[in-house]
Amino acid sequence: ILRAIAEQGYESPTEIQNQAIEIILDGDDMLAGSQTGTGKTAAFALPIIENLSADAARLKQKGRKPRALILTPTRELAAQVCESFRTYGKFLPLQSVEIFGGVSIIPQKEKLRRGVDVLVATPGRLLDHLSQNRGLLSEIEIFVLDEADRMLDMGFIHDIKKVLATLPKARQNLMFSATYSQDIKKLAQTFLRNPVFVEVTKGNSAAATVAQLVYKVEKSHKRHLLRHLIEDGAWHQVLVFTRTKHGANRLAQQLSTSKIETAAIHGNKSQGARTAALANFKSGKVRVLV
């Protein structure tokens with residue numbers, strides 16, 4: 001694990017990693033307040049890999065069932081979290097599999113049949129698998145609910161409860177949320193047992209690494225200002241959020257016409273198009289992702 005971490009250029013832990021890793025290694029339940037960009041994926045992935053790899057014989061068994069389940073709200077996050085597990089566990093015979101909708105279920109079933117240690121899933125597709133393989137989660141030892149606030153915002157509460165009902169009673173539970181509404185607290189009470197509370201970012205505060213600016217501008221001038229800022233600041237890897245899918249397509253088209261390489265990504269796009277847009281954004285082929 002240390003070799004894999006060194007390859008990534010990590011030298012010292014972030015605050016969430018500093019606090020969470022020891023708690024998770026000790027087997028305690030945890031409720032963590034941490035935003036994206038604070039290193040939270042490594043905060044749970046590293047100790048989970050450490051704990052699972054202790055049983056070396058188990059890692060060699062064919063057809064083994066997953067022992068860790070990470071539930072995420074979106075396909076992209078599932079893919080990203082699974083990639084992190086593969087990166088940190090690259091020198092171990094640890095199998096990590098992501099399952100989400102928008103793609104064929106058959107290759108996913110095949111991977112699960114061969115044997116898996118860490119399962120990263122979105123709720124809907126996981127329930128599809130459970131309807132056909134009721135014992136899939138019967139050996140889960142560690143359950144992670146990632147971006148719990150986003151899960152509730154997207155209306156996944158009933159799906160989460162259905163998944164929880166299939167898990168073994170004796171397990172470790174970890175919950176990550178950027179905010180703490182009453183609904184989040186209520187959900188935490190349903191499955192966390194005497195959790196250790198870790199808060200890295202206060203309330204709804206922004207990550208310390210992010211500088212924020214607001215431009216007050218007429219709606220009709222927004223895209224012109226955006227184009228000017230991108231060109232004038234020589235910005236690369238610009239992420240733009242729009243209110244609607246149609247608005248995303250329109251803005252991407254307008255920026256592309258201005259010779260700024262742009263791609264749009266939203267729920268109406270096929271999974272292939274979404275994955276390609278993200279890959280091109282990451283590699284620098286696409287400068288702006290809307």
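Observations
- Region 172-179 - phi-based ³J(HN,Hα) in whole Hz, Karplus 6.51/-1.76/1.60, Gly and Pro as x: 9, 10, 10, 10, 10, 8, 7, 10
- Close amide-amide hydrogen proximity is noted between Arg287 and Glu261, Thr262, each under 5 Å apart and 5 or more residues distant or on a separate chain (H modeled in the peptide plane; Pro and chain starts excluded).
- Across region 20-31, coupling constants 3J(HN,Hα) worked out from phi with the 6.51/-1.76/1.60 Karplus curve, θ = phi - 60°, read 7, 4, 5, 4, 5, 4, 6, x, 7, 6, 9, 10 Hz, and Gly and Pro carry x.
- Efficiency of FRET between Leu127 and Lys169 - r from beta-carbon atoms, R0 22 angstrom, step 0.05: 0.65
- Over the chain, relative contact order from alpha-carbon pairs under 8 Å, at least 6 apart, %: 20
- Formal net charge of residues neighbouring Leu174 (Cβ-Cβ distance under 11 Å; K, R +1; D, E -1): -1
- Modelled FRET efficiency - R0 25 Å, Tyr215 with Ala279, Cβ distances, 0.05 increments: 0.25
- Taking amide H as placed 1.01 Å from N in the peptide plane, the amide H of Glu199 sits under 5 Å from that of Gly33, each at least 5 places away or on another chain.
- Largest-first principal axis extents of the Cα set of region 1-58 (Å): 36, 30, 15
- Ranking by accessible area, most exposed first, for Thr166, Thr87 with a 1.4 Å probe: Thr166, Thr87
- Whole-number Å³ per residue for the convex hull built on Cα positions in region 217-290: 82
- Whole-percent carbon and sulfur share, accessible surface of the chain, 1.4 Å: 51
- Residues whose amide H comes within less than 5 Å of that of Gln172, counting only those at least five positions distant or on another chain, are Ile142, Phe143 (H built at 1.01 Å from N in the peptide plane).
- Normalised by 2.2 N^0.38 Å, with N the number of residues, the alpha-carbon radius of gyration of region 131-290 equals 1.37.
- Accessible-area ranking of Arg113, Arg274, Arg223, largest first, probe 1.4 Å: Arg113, Arg223, Arg274
- Cα-centre dipole for the chain with unit charges at Cβ (Lys and Arg positive, Asp and Glu negative), debye to 20: 1180
- Stretching Leu25 away from Lys161 to a fully extended chain increases their span by 46.4 nm, per 0.36 nm per residue minus the current alpha-carbon distance.
- Across region 232-238, coupling constants 3J(HN,Hα) worked out from phi with the 6.51/-1.76/1.60 Karplus curve, θ = phi - 60°, read 5, x, 6, 6, 10, 6, 9 Hz, and Gly and Pro carry x.
- Nearest-ten-degree value, helix 271-283 long axis tilted from longest Cα axis of the chain: 70
- Degrees, to the nearest 10: 245-257 long Cα axis against longest axis of the chain: 50
- Cα-only radius of gyration and Dmax that characterise region 1-104, units Å: 14.0, 40
- Only protein heavy atoms count here; on that basis, with a 1.4 Å probe, His158 has an accessible area of about 130 Å².
- What the pair-distance distribution of the chain shows, using all Cα-Cα distances binned every 10 Å from zero, is 6, 25, 32, 25, 10, 2, 0 percent.
The values are calculated or read from the model by the stated rules, or taken from the named source; none is laboratory data. Quick caveat, the model's predicted, so the values are computed rather than measured. Glycine gets a Cβ as well: all are built from the backbone with ideal geometry, and neighbour counts include every protein chain shown. The protein model used for the area step is the full one, side chains on, heavy atoms only, and it has no ligands, DNA or RNA in it. Shrake-Rupley method; radii C 1.70, N 1.55, O 1.52, S 1.80 Å.
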